[in-house]
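Colleague: Can you read through this structure? Questions will come right after.
The values are calculated or read from the model by the stated rules, or taken from the named source; none is laboratory data. Remember, predicted model here, so these are calculated numbers, not experimental data. With ideal geometry, Cβ positions are generated from the backbone for all residues, glycine too; neighbour counts draw on all protein chains shown. Heads up: the accessible areas ignore ligands, DNA and RNA and are worked out on the full protein's heavy atoms, side chains in. Shrake-Rupley method; radii C 1.70, N 1.55, O 1.52, S 1.80 Å.
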Amino acid sequence: MSFTGKYELQSHENFEPFMKALGLPDDQIQKGKDLKSISEIVQDGKKFKFTVTTGSKIMHNEFTIGEECEMEMVTGEKVKAVVQMEGNNRLVANMKGLKSITELNGDIITNIMTMGDLTYKRISKRI
């Protein structure tokens, strides 16, 4: 199953408390919660390129499954991470106390980020 495609954010849960816990300022949280977000994924075997455009902010991450890489977090901070693949439709990354699981089911990508007892869930649909 290939992740390659463009996906538009359909819904998200627990955005404000999660972003606050990450350390984003309130004004950025308020601006970001209702912005349109498009994720573009290019998969070439074990290599991935993720580009997430939210309003005017563009976040770009590239990684190879099982190899250490540098990932940009929503705060702009760059951290070391290793992304693993579970099955053929699930990506799992741990970075600086945050666990991210991205699962592809048909045309829907579900991304669940967990930090401590806080969980943030994003659901995006292929466009």
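Colleague: Looking at region 7-25, I want the residues that are free of Cβ contacts under 8 Å to residues at least 24 places away in the same chain and have a partner that is part of a helix (DSSP H, G or I) with Cβ atoms under 8 Å, at least 6 apart or on another chain. Which pairs are those?
Modeller: Glu16/Ile29; Lys20/Asp26; Lys20/Ile29
Colleague: Counting only residues that are at pLDDT 90 or above and in a loop (DSSP other than H, G, I, E, B), which one in region 1-22 is nearest to Tyr120 (Cα to Cα)?
Modeller: Asn14
Colleague: Please tell me if Thr54 is at pLDDT below 95, β-branched (Val, Ile, Thr) and buried (at least 16 other Cβ atoms within 10 Å of the Cβ).
Modeller: Taking the combined requirement at face value, the residue satisfies it.
Colleague: Open to solvent by 30 Å² or more (accessible area, probe 1.4 Å), part of a helix (DSSP H, G or I) and touching a helix residue (DSSP H, G or I) at 6+ places or on another chain (Cβ under 9 Å) - does that describe any residue in region 28-40?
Modeller: Checked region 28-40: at least one residue is open to solvent by 30 Å² or more (accessible area, probe 1.4 Å), part of a helix (DSSP H, G or I) and touching a helix residue (DSSP H, G or I) at 6+ places or on another chain (Cβ under 9 Å).
Colleague: Could you say which residue among Gly5, Gly23, Gly76, Gly66 is farther than 23 Å from Thr119 by Cα, loosely packed, with under 12 Cβ neighbours inside 10 Å and not charged (D, E, K, R)?
Modeller: Gly66
Colleague: Still on this structure, I have one more. In region 80-126, which strands (runs of 3 or more DSSP E) lie fully inside it and hold 2 or more residues that are aliphatic (A, V, I, L, M) and crowded, with 18+ Cβ neighbours inside 10 Å?
Modeller: 90-95, 98-105, 108-115
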